[in-house]
Structure formats: structure tokens, C-alpha cells
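Engineer: Questions regarding the structure given below will be posed in turn.
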Amino acid sequence: MGMLERINGPKDLKGLNFDQVKQLASEIRSEMIEVVSKNGGHLAPNLGVVELTLALHRTFESPRDKMIWDVGHQTYIHKLVTGRAKEFKSLRLLNGLSGFPKRSESPHDAFDTGHSSTSISAAVGFAKARDLLKEKYHVLAIIGDGAMTGGMAYEALNHVGHSRTNLIVVLNDNEMAISPNVGAISTYLNRLRTDPRYDKSKQEIKNSLKKIPGIGNTVAKAAEKAKDSLKYLLVPGLWFEELGFTYLGPIDGHDQALLEQILEQAKQKNGPVLVHVITRKGKGYPPAEKNPDVFHGVGPFVKETGEVIKKSAPPTYTKVFGETLCKLAKEDKRIVGVTAAMPTGTGLNIFSEQFPERFFDVGIAEQHAITFASAMSFGGLKPVVSIYSTFYQRAYDQVIHDVCLPGANVVLAIDRAGVVGDDGPTHHGVFDISFLRVMPNLIFMAPKDENELRHMLYTALKLDGPVAMRYPRSVGQGVDIEEGLKELPIGRAEVIKDGSDVAIFGLGPITYTCLSAAQELRHRGVDAAVVNLRFINPLDKDIILHFARKTRRIITVEDHVLSGGIGSAVLEILSDYGLTDVKVERIGYEGFVEQGAISLLHQANGLSVKGILSAIDRLKLSASCAK
């Protein structure tokens, strides 16, 4: 029996000697590589925190002590040692283990996490609850240096330093988030991790003072009490101590004994403590060490070589977006690209290589990205901001006040719109229509395929004012790509197929599913129209009213929640024009959507040919009643 098989909970880690812990760490790495090579997942960040996670669970008492993991990309080891090893093969699969901390999954998951830079805020909340209820337990926030580029982390640090609350922040410093970190804090941490002067000089000074006959030890102790002046003399900044933290580090995050020693010290300190740990992303698996950005979030791969398994498929919408933006930027020097720590994921890495001086990665700072872009537009540029749909939720205020209200000439490229698959509910982009379609001044589009995406981006950059465009994570439809680009008529839908019995309104790539359903309905003797709405705002009222009056039956299909979605918008128009007797079936998501393959999630929620045919049945529409 291997070491991992003996671990049923954190208590089983306590009695292991360091040789056994080393063996366990090796087995954990092997298990993660095995499972992630099949299921996909966040491999590199987890490989880098094996020793740290084991040290945390050997030093503290979970679930009594609260461990709050930032983002959650690095919690696979935590899951393996908290009673979920037998379920680990179901990681990120439908009805399996989540890839992120989930309170409903285990009492050891203190806080649900999916978005970055939240852990310190949550830790302060737990600590204040503990203090007010006069309870005793430790609270830890484990945050990566990438997440430290997010403004929310600094809001929390400011609060902690002011309140002097007892908690521990473990800064897992691996020099990158999804992509290499940017910004002043990254530069500062790099100075700390690479500057040996502090620890070396401090010890040399103490040793020299102790050698003074008779008074050496007394003088050394006095110097230790004057640690602030010594630290400021030897180290650039020590910014964390200025915020009120006791700073411990930087330390080697792969030295098990040292980690546990420092964490024990942190437990004894009063007030907030920051433990600065240096880890290597991808540690123990050469392909991930060599390409940590590729293995940050990776699909299935060949574990022996690290070769990512790629199926022959059309280009992704993301890639088409990036290539089209580059084509347009060659013709217009005012076009600039902006993202928030995700150049590769948004396709802007292509832009950054061709136009490095016109590319801006602002770190995990979506709010800043939007306001920054707005001001650039008023300065005469044409900013295109590419961020995942789920992360636009973090910049809602800035979209309203800094883009839409003043009418800034900014293009909001909304990548990962709709369900994204195995990352689950924290990453699905199923709310953007509901919170953006209400924005005055915002033109909002959604392409049905990769060719239409190119025309939409071209159209967006021709317009004066705010424009948003949502598109999915998936590969394109494989349609022919037209060589030229053309402007689309604003607010005009596309009738793909006319029909007299029922009108099916699709938005985005799901429109092709609507077309397949219409072809199936033809065999049933039902004549279905299929409309690609294309524009969410302004919505094509004329087309909607035309088919409402013609067919009296409408089905809307959207990769989005029903509440506030495109189906709701259609109902609003029908109500405004007194067509309340038109029968409408809406297909979309009822609420939060769990993890799983995109195709399975579509099927489970009716976004399929079968689901549309079921909606037809609910309308009681058949050849016998067709007009």
C-alpha cells in the first residue's frame, strides 16, 4: 500500500517522518499527473504547492483552523489529503469533484473560491467572526503572487493592517499567475526573493556583535529590538511590515522542514503575519516546469511526454479574434489591446507579439482595465479590452460609469461567454447578457460563427461609442472564412430560414443547433423559421414582431441564464406591442450551472436538438395543427 492510500484525512499526516512525507509528495505528484492528463485541469500551480500544502496540514488543524485558498487553482493536494483521494479521478467531470474549493463538498473547504484576490478579505471575515464569538482557531489565506496584482487584495491588506487582526497570509510566490506577472508588486517581490543581503547581513551583524567581550549578547539583543532600522537599511522597502504585518521570508517552498518550522513560528505571533514562500510552478514534472503557462490550465495530454492532445478542429473563436484584431491593427495605428493577466487565454498574445508597444496587460485588475481603456479612448485611441465573461462581472461599475455613461469608444471583447465546461459555475459566462443588455449607449453583439465574429469586430471598430461582443470558449463551426471584411447593419437580425409554423430565435453559435432542429422538424411536417438575432442591443424588433404575428409561436435559445436573457428581451417586446397571446418557449439555464463537458451541459439544459423538439411538444405543435 502506498503512502497516499493511507491518508484519509489531515490527522494521518501528523505522525509521518520527513522521509515518509517526501514519499507522499512524490505519490501525490504522480496521482495529479495521471488524473489531469486524462481530465485536464490546473496542473502546474498544484505541482508547485505540494510541500506547502502538506506543511500547512501538518502544522494546523483543519477544519477547525480555516484555510482559505485564493483562486483555488492549487487545491488538488488539499483535496487529496482531506478525504477525497478515492474520488479524485472524477475531478472536474460532471457530478464529480470540483476543480476549486467548494463548501458543499467538504468541511475542509472553508470558502468557495473561483475568482482571484478574495482570500485575504475572506480571512479577515473569518477572523472577526472568531473574535466576536470568542472562539479560538487560526485563519490562513493562501494567495499567489499573481493574485496580489488584484486590487481587492490590497483593500484587504489595508484593513488587516489597520485592525491588527490575528491571521496568517501565506504568499505563494511562483513568479506568475496564468502568464508571467506584470506590475510594480511583481518587481518588488522579485527584489525580495533575489536579494540575499538581508538574511546574510543580519546574521553577520549579530555574530559580530556577540563577539564583543562582556556586552556582546546584550548589544545583539538590543539590535534585534531595533529590527526596523536594520531591515530598512538592508532591504529595499519591506512594504508588508509598513502595512502592519510581521514578515517571515522569503523561504524555500520545497523545503519541508523549513516550511513547517516557519509556519510554527507564524502560529506564535500576535497580529497579522505574512509568510513569503518561493515555489516553482510545475515542480516535479519537467514539461510543466518548462512550460508552466501551458500547464496552468491544460486539457488532456500524454503524461509520458507532456504533449497536449490536439484533435483536428477548426480554429477557436479566441484565435480568430486575435488574428482579426492584428489584421485591423495593421491598418489603424490607434487600435490598442488591453487584458487583465490573460493574454494567451484571450488571444491577445498574438497581438502582443506583433504590436508590443500597443499591448497592455494590467494584471488581475479588471476594474482598472476598463477605466484605463476608457481614458485611452478619450485620448484618441481605439482600445479593445478582452476579458473572460465571468471576470467582466468584477468591472460592472466601471462599464456603467466609465464606458457607457460617457460614451467611451471602447470595444469590450467578452471571451468565454456561455458555459465553459470543466471549470464549473465560477467560470461559466452565463450572466453577461442580463447585466449588459440594459446599458444605454452600448451596442451588444454575438456572432453565430467565426466568420461572423470577424465582421463584428470590424464593425465594432468602425463605430463611435461603446460596443460589446460575446463569443464562446469553443472551436468555431468550420465555416469558410471570407477574405474581406464588411460592416454589419446595426440592430439587424439574419433570417437563415423562413417558416410559417414556429420561429426559432438563436443567439451565437447555438443558432446552428436551431437550424438542425428546424431540419428535423421538417420531417415532422412542421415549417420552422430560424433567425440569428446577432444583436442583443439594439434588438431587431421588426423581425421579432414579424414572426410573432406570422407564426404566433416562438422559441428562444441562448447559452445564458433565462432570467434577464434574450428570451426575456423578446417577451418584453411582445408585451410592449400587446402580443401577449403569442406562445413563447425559452431555452437556457435556470440558474447556476455545474461543471462538465460543454456538450453534456447543453444537453442537460435543453440547448440541443432534442431540447428544441421538446419545446415544440410543449407548444403542442405538430403537422396536424401547423398552419
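The values are calculated or read from the model by the stated rules, or taken from the named source; none is laboratory data. Worth saying up front: this structure is predicted, and the values here are computed from it rather than measured. Virtual Cβ from ideal backbone geometry, glycine too; neighbours counted across all protein chains shown.
Engineer: Take the residues in region 258-295 that are touching a Pro at 6+ places or on another chain (Cβ under 6 Å) and not hydrophobic (A, V, I, L, M, F, W, C), then tell me which one is farthest from residue 46 (Cα to Cα).
Structural biologist: 276
Engineer: Still on this structure, please answer the following. Can you pull out every residue in region 564-598 that is outside any loop (DSSP other than H, G, I, E, B) and hydrophobic (A, V, I, L, M, F, W, C)? If you could, list the steps in order and put the result at the bottom.
Structural biologist: As a first pass, look at region 564-598 and keep what is outside any loop (DSSP other than H, G, I, E, B): 566-576, 583-589, 598.
Of everything in region 564-598, those that are outside any loop (DSSP other than H, G, I, E, B) and hydrophobic (A, V, I, L, M, F, W, C) turn out to be 566, 569, 570, 571, 573, 574, 584, 587, 598.
Engineer: Then there is this: For region 342-359, which positions are surrounded by fewer than 20 Cβ atoms within 10 Å (Cβ to Cβ) and not polar (S, T, N, Q)?
Structural biologist: Matches in region 342-359: 353, 355, 356, 357, 358, 359.
Engineer: In addition: As an exercise: evaluate residue 495 against (1) buried (at least 17 other Cβ atoms within 10 Å of the Cβ); (2) part of a strand (DSSP E or B) and give the number of the one condition it does not meet.
Structural biologist: (1)
Engineer: Tell me yes or no: at least one residue of region 159-176 is within 30 Å of residue 39 (Cα to Cα), assigned to a helix (DSSP H, G or I) and of a type outside the set (A, V, I, L, M, F, W, C).
Structural biologist: Taking region 159-176 as the starting set, the residues that turn out to be within 30 Å of residue 39 (Cα to Cα) are 170-176.
Filter once more, so that each one left must be assigned to a helix (DSSP H, G or I): none.
No, region 159-176 contains no residue that is within 30 Å of residue 39 (Cα to Cα), assigned to a helix (DSSP H, G or I) and of a type outside the set (A, V, I, L, M, F, W, C).
Yes/no per residue for (1) surrounded by fewer than 15 Cβ atoms within 10 Å (Cβ to Cβ); (2) touching a Lys or Arg at 6+ places or on another chain (Cβ under 9 Å); (3) modelled with pLDDT of 95 or more; (4) not assigned by TED's automatic domain parsing to the domain that holds residue 426:
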| position | (1), (2), (3), (4) |
| --- | --- |
| 576 | yes, yes, yes, yes |
| 579 | no, yes, yes, yes |
| 586 | no, no, yes, yes |
| 598 | no, yes, yes, yes |
| 605 | no, no, yes, yes |
| 608 | no, no, yes, yes |
| 625 | yes, no, no, yes |
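Engineer: For region 103-142, which residues satisfy the criterion of being of a type in the set (A, V, I, L, M, F, W, C) and either at pLDDT below 95 or assigned to a helix (DSSP H, G or I) (or both)?
Structural biologist: If the condition is that a residue be of a type in the set (A, V, I, L, M, F, W, C) and either at pLDDT below 95 or assigned to a helix (DSSP H, G or I) (or both), then 120, 122, 123, 124, 126, 127, 129, 132 are the ones that fit.
Engineer: In region 476-492, what residues are under 27 Å from residue 374 (Cα atoms) and either β-branched (Val, Ile, Thr) or surrounded by 21 or more Cβ atoms within 10 Å (Cβ to Cβ) (or both)?
Structural biologist: 490
Engineer: Being under 19 Å from the mean Cα position of the chain (by Cα) and either among the hydroxyl-bearing types (Ser, Thr, Tyr) or outside the structural domain of residue 281 (by TED's automatic domain parsing) (or both) is the requirement here; does residue 104 meet it?
Structural biologist: Here the answer is no, as residue 104 does not meet what is asked.
Engineer: Here are 456, 445: which of them is more than 23 Å from the chain's Cα centre (by Cα), outside the structural domain of residue 94 (by TED's automatic domain parsing), closer than 19 Å to residue 532 by Cα and at pLDDT 95 or above? Give the derivation first.
Structural biologist: Details: 445 fails: more than 23 Å from the chain's Cα centre (by Cα).
Checking each option against the conditions leaves just 456.
Engineer: Are any of the residues in region 13-34 part of a loop (DSSP other than H, G, I, E, B) and surrounded by 15 or more Cβ atoms within 10 Å (Cβ to Cβ)?
Structural biologist: Within region 13-34, the subset part of a loop (DSSP other than H, G, I, E, B) is 14-17.
Still in the list and also surrounded by 15 or more Cβ atoms within 10 Å (Cβ to Cβ): 16.
Taking every residue of region 13-34 in turn, at least one turns out to be part of a loop (DSSP other than H, G, I, E, B) and surrounded by 15 or more Cβ atoms within 10 Å (Cβ to Cβ).
Engineer: With 371, 426, 459 as the choices, which residue is surrounded by fewer than 23 Cβ atoms within 10 Å (Cβ to Cβ) and assigned to a loop (DSSP other than H, G, I, E, B)?
Structural biologist: 426
Engineer: If the requirement is being at positive phi and out of contact with any strand residue (DSSP E or B) (no Cβ under 9 Å at 6 or more places or on another chain), which of these qualifies: 96, 83, 114, 151?
Structural biologist: Criteria check complete, one pass: 83.
Engineer: Filter region 422-442 for residues that are under 13 Å from the mean Cα position of the chain (by Cα) and under 18 Å from residue 591 (Cβ atoms) and give the result. Show your work before the answer.
Structural biologist: Quick first cut of region 422-442, residues under 13 Å from the mean Cα position of the chain (by Cα) only: 422-429.
If the condition is that a residue be under 13 Å from the mean Cα position of the chain (by Cα) and under 18 Å from residue 591 (Cβ atoms), then 423, 424, 425, 426, 427, 428, 429 are the ones that fit.
Engineer: From the residues in region 275-315 that are surrounded by fewer than 19 Cβ atoms within 10 Å (Cβ to Cβ) and of a type in the set (Val, Ile, Thr), which one is nearest to residue 145 (Cα to Cα)?
Structural biologist: That would be 294.
Engineer: Among the residues of region 74-98, how many are surrounded by fewer than 17 Cβ atoms within 10 Å (Cβ to Cβ) and either in contact with a Ser or Thr (Cβ under 9 Å, 6 or more places away or on another chain) or among the hydroxyl-bearing types (Ser, Thr, Tyr) (or both)?
Structural biologist: 2
Engineer: Among residues belonging to region 506-555 that are aliphatic (A, V, I, L, M) and part of a loop (DSSP other than H, G, I, E, B), point out the one that is nearest to residue 466 (Cα to Cα).
Structural biologist: Of all residues in region 506-555, those aliphatic (A, V, I, L, M) come to 507, 510, 515, 517-518, 521, 526, 528-531, 533, 536, 539, 543-545, 548, 554-555.
Retained after the next criterion (residues that are part of a loop (DSSP other than H, G, I, E, B)): 507, 526, 533, 539.
Details: 507: 20, 526: 41, 533: 20, 539: 16 Å.
Here the residue is 539.
Engineer: Looking at (1) in a loop (DSSP other than H, G, I, E, B); (2) crowded, with 17+ Cβ neighbours inside 10 Å, which is the one condition that is false for residue 57?
Structural biologist: (1)
Engineer: Here is a further query. Considering only residues that are surrounded by fewer than 24 Cβ atoms within 10 Å (Cβ to Cβ), assigned to a loop (DSSP other than H, G, I, E, B) and under 25 Å from the mean Cα position of the chain (by Cα), which ones fall in region 462-475?
Structural biologist: Across region 462-475, the qualifying residues are 473, 474.
Engineer: Next question. Consider residue 345 against the criteria (1) modelled with pLDDT of 95 or more; (2) in a helix (DSSP H, G or I): it satisfies all of them except one. Which criterion is unmet?
Structural biologist: The number of the failed condition is (1).
Engineer: Here is a follow-up. Please verify whether region 44-52 includes one or more residues that are under 20 Å from residue 96 (Cβ atoms) and either touching a residue at least 12 places away in the same chain (Cβ under 8 Å) or of a type outside the set (Phe, Trp, Tyr) (or both).
Structural biologist: There is at least one residue in region 44-52 that is under 20 Å from residue 96 (Cβ atoms) and either touching a residue at least 12 places away in the same chain (Cβ under 8 Å) or of a type outside the set (Phe, Trp, Tyr) (or both).
Engineer: From (1) part of a helix (DSSP H, G or I); (2) crowded, with 21+ Cβ neighbours inside 10 Å, pick out the condition that doesn't hold for residue 401.
Structural biologist: The number of the failed condition is (2).
Engineer: Another question about this same structure. Out of 250, 236, which single residue is farther than 30 Å from residue 308 by Cα, modelled with pLDDT under 95, touching a helix residue (DSSP H, G or I) at 6+ places or on another chain (Cβ under 6 Å) and exposed (fewer than 13 other Cβ atoms within 10 Å of the Cβ)?
Structural biologist: 236
Engineer: For the structure I just gave you, tell me whether residue 621 is modelled with pLDDT of 95 or more, over 21 Å from the mean Cα position of the chain (by Cα) and outside any helix (DSSP H, G or I).
Structural biologist: no
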